[in-house]
């Protein structure tokens with residue numbers, strides 16, 4: 001959430017920053033905001049005047065009664081002023097709620113230096129690591145390779161519909177090993193604390209990290225009763241709980257409504273969890289294979305820092321995700337996202353895109369973002385600085401990395417002519433020393 005005082009001080013500047021995100025329609029109804037603000041100021045001024053009048057009337061009533069005089073007229077006026085105050089307070093509550101709703105719909109402001117552009121075509125490649133492998137045979141994609149290794153797309157569809165995959169045998173073992181490898185790397189070498197989180201969270205938790213209210217259609221929500229079940233059916237009021245779309249949500253919210261001592265910062269947390277996404281806005285995209293699923297696993301990294309350290313923390317987090325890909329011997333590139341491609345809560349984002357021989361393209365496998373105080377303001381997550389004053393922390397999140405896409409990348413990049421897959425050396429300890437994965 002943006003600071004409403006920033007809008008009050010520099011509305012034109014905020015609007016100009018929002019326009020960098022290149023949405024065709026304005027993010028903010030400026031006229032409505034100004035009208036609400038004008039009415040809010042008017043009511044607050046009137047309330048102060050009414051309170052001053054009530055105080056004066058109270059004194060006059062006391063004096064009149066002390067002299068034995070009739071105070072009926074003064075009492076009647078005091079009651080009328082009190083009723084006007086109540087009406088003003090009720091209206092002010094409605095205004096504040098509407099202002100809050102306007103703020104909740106506004107995305108974060110891009111940092112200076114974020115490339116300007118309407119969409120991913122304006123993203124800027126920063127660097128590459130490794131070179132795509134030159135095969136002496138025609139490489140297959142993970143769909144062709146996976147059948148013999150336990151990737152069962154038909155079984156997943158039978159059980160749950162499209163965009164679900166069932167893993168069996170070698171594929172399931174590789175999937176588990178990848179997650180374990182990532183957790184060990186982040187906890188033992190990168191300083192993260194491993195966590196295990198709920199996979200179902202309350203509405204206010206999703207509001208805290210910015211998934212709600214804007215992205216409700218991308219979430220799976222849970223029903224506890226009534227005649228509904230799944231998205232779009234039943235009495236939604238009966239359930240305000242949702243399946244997480246990333247463990248960023250519970251990890252980041254673990255500091256909500258707290259004041260952290262400076263000595264506790266930075267907080268570094270990691271977790272392996274399933275992620276559930278309805279993919280409402282991606283109809284027809286990546287319908288084959290494991291690239292875009294309704295359920296997938298991810299090892300997530302979250303940092304909570306003092307504001308002055310968050311830019312450095314973002315670079316550090318990108319390096320942690322890069323270490324995963326380097327040890328898995330996977331070629332990748334790092335891309336700075338343009339303003340029009342930034343996530344809702346992000347002020348700056350770097351994507352890591354891994355090379356997939358089966359597609360002949362780089363595809364996203366990690367996204368690392370600095371949200372600055374945007375989420376913290378929603379969560380009321382603060383820290384006490386050296387001066388003893390409280391201010392909002394900065395929050396960052398990053399994939400460290402998406403397990404399913406890492407599995408795809410390992411299969412495609414390390415495949416052999418006979419359909420087996422060479423296991424990168426860093427991954428072998430998590431597979432009992434196995435060097436080649438075969439059927």
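Report the residue count in segment 326-354 for those that are under 21 Å from residue 18 (Cα atoms) and either in a strand (DSSP E or B) or at pLDDT below 95 (or both). It would help to see each step written out before you state the result.
Looking only at segment 326-354, we keep the residues that are under 21 Å from residue 18 (Cα atoms), and these are 336-350.
From what is left, the residues that are either in a strand (DSSP E or B) or at pLDDT below 95 (or both) are 336, 348-350.
Number satisfying all stated conditions: 4.
Being part of a loop (DSSP other than H, G, I, E, B) and either surrounded by 13 or more Cβ atoms within 10 Å (Cβ to Cβ) or modelled with pLDDT under 95 (or both) is the filter here; which residues of segment 6-45 pass it?
So the first thing to find is which residues in segment 6-45 are part of a loop (DSSP other than H, G, I, E, B), and the list is 10, 20-29.
Answer for segment 6-45, where residues must be part of a loop (DSSP other than H, G, I, E, B) and either surrounded by 13 or more Cβ atoms within 10 Å (Cβ to Cβ) or modelled with pLDDT under 95 (or both): 20, 21, 22, 23, 24, 25, 26, 27, 28, 29.
Looking at (1) surrounded by fewer than 16 Cβ atoms within 10 Å (Cβ to Cβ); (2) under 20 Å from residue 207 (Cα atoms); (3) at pLDDT below 95, can you tell me which one residue 235 breaks?
(2)
Identify, please: which residue in segment 307-326 is surrounded by fewer than 21 Cβ atoms within 10 Å (Cβ to Cβ) and more than 19 Å from the chain's Cα centre (by Cα) and is, among those, nearest to residue 264 (Cα to Cα)?
309
Scan segment 117-139 residue by residue and report those that are in contact (Cβ under 8 Å) with a residue 24 or more places away in the chain and assigned to a loop (DSSP other than H, G, I, E, B).
117, 118, 119, 123, 130, 131, 132, 133, 135, 136, 137, 139 - these are the residues of segment 117-139 that are in contact (Cβ under 8 Å) with a residue 24 or more places away in the chain and assigned to a loop (DSSP other than H, G, I, E, B).
Please tell me if residue 101 is surrounded by fewer than 12 Cβ atoms within 10 Å (Cβ to Cβ), in a helix (DSSP H, G or I) and under 33 Å from the mean Cα position of the chain (by Cα). Spell out the reasoning first.
On the way: surrounded by fewer than 12 Cβ atoms within 10 Å (Cβ to Cβ): yes; in a helix (DSSP H, G or I): yes; under 33 Å from the mean Cα position of the chain (by Cα): yes.
Here the answer is yes, as residue 101 does meet what is asked.
Got a number for residues in segment 46-78 being surrounded by fewer than 14 Cβ atoms within 10 Å (Cβ to Cβ), over 22 Å from residue 93 (Cα atoms) and under 51 Å from the mean Cα position of the chain (by Cα)?
Qualifying residue count, segment 46-78: 1.
Would you check which residues across segment 21-46 are touching a helix residue (DSSP H, G or I) at 6+ places or on another chain (Cβ under 8 Å) and within 15 Å of residue 96 (Cα to Cα) and list them?
Result: 32, 33, 34, 36, 37, 39, 40, 43, 44.
Could you identify the single residue in 130, 161, 191, 147 that is assigned by TED's automatic domain parsing to the domain that holds residue 393 and in contact with a strand residue (DSSP E or B) (Cβ under 6 Å, 6 or more places away or on another chain)? Explain how you work it out, then say what you get.
On the way: 130 fails: in contact with a strand residue (DSSP E or B) (Cβ under 6 Å, 6 or more places away or on another chain); 161 fails: in contact with a strand residue (DSSP E or B) (Cβ under 6 Å, 6 or more places away or on another chain); 147 fails: in contact with a strand residue (DSSP E or B) (Cβ under 6 Å, 6 or more places away or on another chain).
On inspection, the qualifying residue turns out to be 191.
The values are calculated or read from the model by the stated rules, or taken from the named source; none is laboratory data. Model, not experiment: these values are computed from the prediction. Here the Cβ is made from the backbone with ideal geometry for all residues, glycine too, and neighbour counts use every protein chain on show.
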